[in-house]
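Some notes on the structure that comes next.
The values are calculated or read from the model by the stated rules, or taken from the named source; none is laboratory data. Computed from a predicted structure; not experimentally measured. Every residue, glycine as well, gets a Cβ built from its backbone with ideal geometry; the counts of neighbours run over all protein chains shown. Only protein heavy atoms, including side chains, enter the accessible area calculation; ligands, DNA and RNA are left aside. Shrake-Rupley method; radii C 1.70, N 1.55, O 1.52, S 1.80 Å.
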Amino acid sequence: MTSSSSSSEVLVNFVMVVVLVMGTSSAQLCTDFYEETCPNVHKIVRSVVASAVSKEKRMGASLLRLHFHDCFVQGCDGSILLDDTSSFTGEKTARPNNGSVRGYNVIDDIKFKVEAACPNIVSCADIVAIAAHDSTVILGGPTWGVKLGRRDSRTASFKLANGGALPSPASSLQTLISNFNNVGLSTKDLVALSGSHTIGQARCTVFKTRIYGDANIDSSFAMTRQVRCPNTTSPSPADNNLAPLDLQSPTFFDNNYYKNLIMQKGLLHSDQELYNGGSTDSLVKQYIRDPQSFNSDFGAAMVKMGDISPLTGSNGEIRKNCRMVNN
Ligand code: HEM
Ligand SMILES: *[C@@H]1O[C@H](CO)[C@@H](O)[C@H](O)[C@H]1NC(C)=O
Ligand SMILES: *[C@@H]1O[C@H](CO)[C@@H](O)[C@H](O)[C@H]1NC(C)=O
């Protein structure tokens, strides 16, 4: 090998390393992103979330779900928060979100207070991520290091939100696994994150076919749920009647979700798929036996979910109002 070819190889390698480092570092979130620019952001978010949850416990569940529905559609970029206008249709009216996703006003309240403290610094996408964490902790769940530095999108996608990016409650285990794989989340992440259904409520319309049709459901549980969810053809007013996703403790973040599954008392068809004789049964049993492993897997999976395709560097913007793009 001549000395000139080896030095040009060194140069090529050097350029490749620089490109790699720049490419990854600009896409990197970190937990102390606002340490210098908005040191009070955590305190502000926590206090607004705490007061919203003390008024209505369910809001904690709603805020956790808001982060999930943001992240699964073009990444954690605040796209779900954009209101429709006469010339723009966002994600709010997509099937999984319409009349179902809640918490937009709480995000507005947080944003208002954060803008007063540090204008033009903190993204709506990051506010949603912190609010999801704080909600979980306030309801008794695990903590994790929330990575920050996401920027807000100038777009949203009704089509993606409506068309399969968000998992349907009618899904099979295989479909759920591929849904999560599509955004870089593993089967373990699927099982751990589904533990979110230890809090919150679901509408009759999403569990009706399960309580009238599924074979793998406890019959007395099905009868109990049928009382407020008649087998009428949709649309019907009863479609909006609510039932707790965790029949035991729907305002407490614990591992009862998994205990329900082994008793065939999962409310959604998709919940029960995680314990139906398939590959995820063993993890469900593990999370019952060892709640600490659920807590740590849940936190790790939330960090991974929060890392889905963030906008960083000069991509996107810091919205002034979470409901609309900046002019
Ligand atoms: C595995 C696939 C999943 C499916 C099919 C699914 C489906 C659903 C459905 C249908 C509802 C009820 C919505 C309604 O009736 O209005 C719901 C509620 C909820 N989901 Fe999921 N979900 C999944 C995963 C997740 C994940 C990953 C999280 C959080 C990280 C989450 C958090 C929640 C919470 C907290 C609620 C209650 C919300 C409230 O009470 O406002 N879900 N989910
Ligand atoms: C969203 O829900 C509202 C109220 O139920 C309904 O009128 C509207 O048609 C729905 N939008 C879409 C796009 O399905
Ligand atoms: C519920 O309604 C569906 C659709 O109308 C029907 O096919 C099914 O047999 C009903 N199930 C029960 C248990 O009544």
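Scan the stretch 269-296 for residues that are crowded, with 22+ Cβ neighbours inside 10 Å and within 30 Å of Asp77 (Cα to Cα) and the total you get is 6.
Criterion first (surrounded by fewer than 20 Cβ atoms within 10 Å (Cβ to Cβ) and not assigned by TED's automatic domain parsing to the domain that holds Arg102) does Asp214 satisfy it?
It is true that Asp214 is surrounded by fewer than 20 Cβ atoms within 10 Å (Cβ to Cβ) and not assigned by TED's automatic domain parsing to the domain that holds Arg102.
Tallying residues that are among the hydrophobic types (A, V, I, L, M, F, W, C), touching a residue at least 24 places away in the same chain (Cβ under 8 Å) and open to solvent by less than 20 Å² (accessible area, probe 1.4 Å) within the stretch 244-268 yields 4. Of all residues in the stretch 224-243, those satisfying the criterion of being open to solvent by less than 100 Å² (accessible area, probe 1.4 Å) and among the charged types (D, E, K, R) are Arg225, Asp239. Scanning the stretch 278-287 for residues being under 13 Å from Ala192 (Cβ atoms) and either touching a residue at least 24 places away in the same chain (Cβ under 8 Å) or acidic (Asp, Glu) (or both) gives a total of 4.
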